[in-house]
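FYI, it's all coordinate maths here, none of it is from the lab. Worth saying up front: this structure is predicted, and the values here are computed from it rather than measured. Glycine also receives a Cβ, built like all others from the backbone with ideal geometry; neighbour counts cover every protein chain displayed.
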Amino acid sequence: MAYLQQIIFFVILSAAGYILWKRVTLIRSNILLGKDLDRTDNRSERLKSMLLVAFGQRKMFKNITPAILHLFVYVGFIVINLEVLEFIIDGLAGTHRIFAPYLGSFYNVLMNIFEFLAASVLIACIVFLFRRNVFKVKRFTQPEMTSWPLLDANLILITEILLMLAILSMNATDQVLQTRGINGYIFTGQLVFSSLLVPLFDGLPAGWLVFIERFAWWFHIIGILGFAVYITYSKHLHIFMAFPNTWYSDLAPMGKMESMDSVTNEVKIMLGLTTDEGSAQAPEEIGRFGVKDINDLTWKNLMDAYTCTECGRCTAECPANQTGKKLSPRKIMMDVRDRMEEVGNSLAKNGKGLDDGKSLLGDYITKEELNACTSCNACVEACPVLIDPLQIILEMRRYIAMEESGSPAQWNIMFQNIETSFSPWKFAPTDRFNWEKK
Amino acid sequence: MDEAPKLNVPVMAELTAKNESPEILFWVGCAGSYDERYQKVTRAFIKILNKINISYAVLGTEETCTGDPARRAGNEFLFQMQAIANIQVLDRYNIKKIVTACPHCFNTLKNEYPDLGGNYDVIHHSVFLQQLIDEGKIKVKEGGSFKGKKITYHDSCFLGRANDIYEAPRKILEEMDAHLVEMKNFKSRGLCCGAGGAQMFKEAEPGAEEIYDKRTTEALATGASVIASACPFCMTMLSDGIKNKEKESEVEVKDIAEIVAESLNL
């Protein structure tokens, strides 16, 4: 009986670890459905980007209220997880607050910091719930924020609130048990925030208190492990993905579009500029021009999709979206993830994968959305974790223009003008210098 | 129009024939060449270039579209056809430094031509003008026509977010003691005029409002009598916005180069 709790804990911990490992493997293989891309260069720039943008939350501070609330939750998440280490050791060793005797009075300081953060997280999450459901901040109520995205967001906030309440209740009952001198409840010193809850528990018999303290402990640790598994299915994955995603971000100026080497070869042949090298060899397998489905995107585009937490800052800044067009950069990212997971889940079950008759373009993202983009980079600038929806939009335009000749009619006229008059407008090339005489 | 004096504009082919190689190429761009409104900006900039006695030239009829709108609309073939042909011309003349009054040409020449072998020192005319002021080559305060005047500056996306140029155009306006007022959204949060990404060449998708109307509303809310811009597309869109709102008699859209030329009484 003495070891039963430890065995149960070990089983739960192992199960959570196994499921997490399976999930991480699937996510990794889904990301690797994307095309190759070299982002191994310039490590010092990349480190700086990760430290400033992900670790330092720099881009969050464009909007101060959510930035501060988010900072509490973020610091809370990082610091309170240190306490999880104690939970795990206690759970495996059958001990109670194993760090307390070693850390002495510092344990009290540490616990009070944790409690301050737990209270901050609690308050921030309640405010977030209000912003989403009562004040209905615009970016949380747009068309793509339907059933699952809305439920996902609320589940995350409610779970975090419950986890924080569990920590504070656990510490409150623990303190009552300490003052009653119950065996095993080692003296922690006063814990300021949970003391506020003590009156709730003060009158209860010791048996009840031990039950509540133990229940809160188990609730918190199982909750954390469950949450870790849950976020792999959720938009909340950004808490991990923000770090690699900022590290691997594009370091070129935002205005630069990637060149297509496959096109360069053909253009050089057409202009008679190519050496024998190109024509002598059998052409390599020329993939598609542009992006029709997720395997045409790069792994970084797919990592972007897993990193997106659907905050909607991109969509809020998008000029097309602000003026009522169908385009929403957030929806682009959500569509990429949905399609990627559809394909990934199918492949994991030996299903049809990409050959299911569907594609990202058409079944998820329409031309009307893509055609509304002004390539203004407002979405790219707005993203706190350096996601680039614009690249995906422009790559899909490449597919439409070059594989389908399906661009809007006025663009086809513009193309013709450039081809024949070397200007997007239909003017005679010989008139180009007439401004001199005007 | 026709009575305007012919400008003395050196052309690359002619200079090369005389064995001269100018220090800098002025890339005019299609809007600067053909668009009636932006031709005035081209002429204003030429007047400044002539005043400072810099050795420059234009390509004249040898210039062609950089390919930017084709690339943003998805036609990479056409973009590269244009780019590679342009690079051949630029390299034939051994061009090292290019100044342009179009942020789209600027972005493409500076950031995208290197991938295709075209490497030049490319500078936007707003930065170029600011440098001339800094170096004391032009003294904008002399004219004084903009002193105390309420001016708002509209950030071009391809200059601002795309290339991080926010300060140069503003410094120029501050140099002439204009009363610079900012719109609700400015610098990295500046609202697009609606013309980028090849939107200039097609109708907007269905929606509730035109982007340029929204931006014009923001500009008018500042109470400025001049909206300064540094991009031909922005100029077209904002001018249309002003016309739609019947404010042409009260508010003008002017390019940074025109403002500088005016303050120099050119």
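Using 7 Å Cα-to-Cβ label points, what is the B:Glu203/B:Lys139 separation (nm, one decimal)?
Inter-label distance under the simple model: 5.5 nm.
Given the Cα-Cα distance of A:Ile12 and A:Ile123 and 0.36 nm per residue of separation, how much length would full extension add, in nm?
Extra length from A:Ile12 to A:Ile123 when fully extended: 37.0 nm.
Per DSSP H run of n ≥ 4, the term is -39500 (n - 2.57); total these for the protein assembly as shown, divide by its residue number, and report the mean residue ellipticity at 222 nm rounded to 500 deg cm²/dmol.
So the calculated ellipticity at 222 nm is -16500 deg cm²/dmol.
Students often get this wrong, so check it: of A:Lys235/A:Lys326; B:Lys139/B:Lys243; B:Lys137/B:Lys243, which have C-alpha atoms separated by over 26 Å?
Over 26 Å apart, Cα to Cα: B:Lys139/B:Lys243; B:Lys137/B:Lys243.
What are the membrane-span-like helices in chain A by this rule: whole DSSP H runs, Cα extent along the axis at least 24 Å, mean Kyte-Doolittle hydropathy at least -1.0?
Membrane-span-like by this rule: A:4-31, A:64-93, A:105-133, A:147-179, A:206-231, A:329-348.
May I have the pair-distance distribution P(r) for the stretch B:12-129, computed from all Cα-Cα distances with 10 Å bins from 0 and rounded to whole percent?
Reading upward from the zero bin: 14, 48, 33, 6, 0.
Can you give the three extents of the C-alpha atoms in the stretch B:140-263 along their principal axes, from longest to shortest, in whole Å?
48, 33, 23
So how far, in whole Å, is the C-alpha centre of the stretch B:32-72 from the one of the stretch A:1-48?
Measuring centre to centre over Cα atoms gives 56 Å.
State to the nearest 20 debye the size of the charge dipole of the protein assembly as shown about its Cα centre, where the only charges are +1 on K and R beta carbons and -1 on D and E beta carbons.
1380 debye
Note down the nm distance, to one decimal, between modelled labels 7 Å out along Cα→Cβ at A:Lys35 and at A:Tyr102.
Simple spin-label model gives 5.1 nm for this pair.
Of the cross-linked pairs A:Lys22/A:Lys331; A:Lys331/B:Lys184; A:Lys136/A:Lys292; B:Lys171/B:Lys202, which ones have a Cα-Cα span greater than 29 Å in the structure shown?
A:Lys136/A:Lys292; B:Lys171/B:Lys202
Bin all alpha-carbon pair distances of the stretch A:134-173 at 10 Å intervals from 0 and give each bin's fraction as a whole percent.
Cα pair-distance distribution for the stretch A:134-173, in percent: 26, 37, 22, 13, 2.
Work out how far the C-alpha atoms of the stretch A:28-131 reach from end to end along every principal axis, then list the three figures in whole Å, largest first.
51, 36, 28
For the protein assembly as shown, what is the convex hull volume of the alpha-carbon atoms per residue, in Å³?
198 Å³
Would you pull out the residues with amide H under 5 Å of B:Asp255's amide H, same chain only if 5 or more places away, H placed 1.01 Å from N?
Result for B:Asp255 returns B:Ser229.
Along the positive direction of the dipole of the protein assembly as shown (beta-carbon charges: Lys, Arg +1; Asp, Glu -1; about the Cα centre), which of B:Met81, A:Val291, A:Val229 reaches farthest?
Checking the options against the dipole of the protein assembly as shown, the answer is A:Val229.
For peptide A:316-323, compute the average count of partner chain beta-carbon atoms within 10 Å of each residue's beta-carbon.
The mean count of partner-chain Cβ atoms within 10 Å per residue comes to 6.
List the aspartates and glutamates whose Cα sits under 20 Å from the Cα of B:Lys96, skipping any in the same chain fewer than 8 residues away.
Answer for B:Lys96, where 20 Å is the Cα cut-off: B:Glu14, B:Glu20, B:Glu23, B:Glu62, B:Glu63, B:Glu112, B:Asp115, B:Asp121, listed by chain and number.
Per residue of A:410-420, count partner chain C-beta atoms within 10 Å of its C-beta, then hand back the mean as an integer.
Average per residue, whole number: 6.
Based on the alpha carbon coordinates of the stretch A:305-419, what radius of gyration and maximum Cα-Cα distance (Dmax) apply, in Å?
15.5, 50
Of the GluC sites (Glu not before Pro) in the stretch B:59-142, which ones lie in a loop per DSSP and count no more than 11 other C-beta atoms within 10 Å?
B:Glu135
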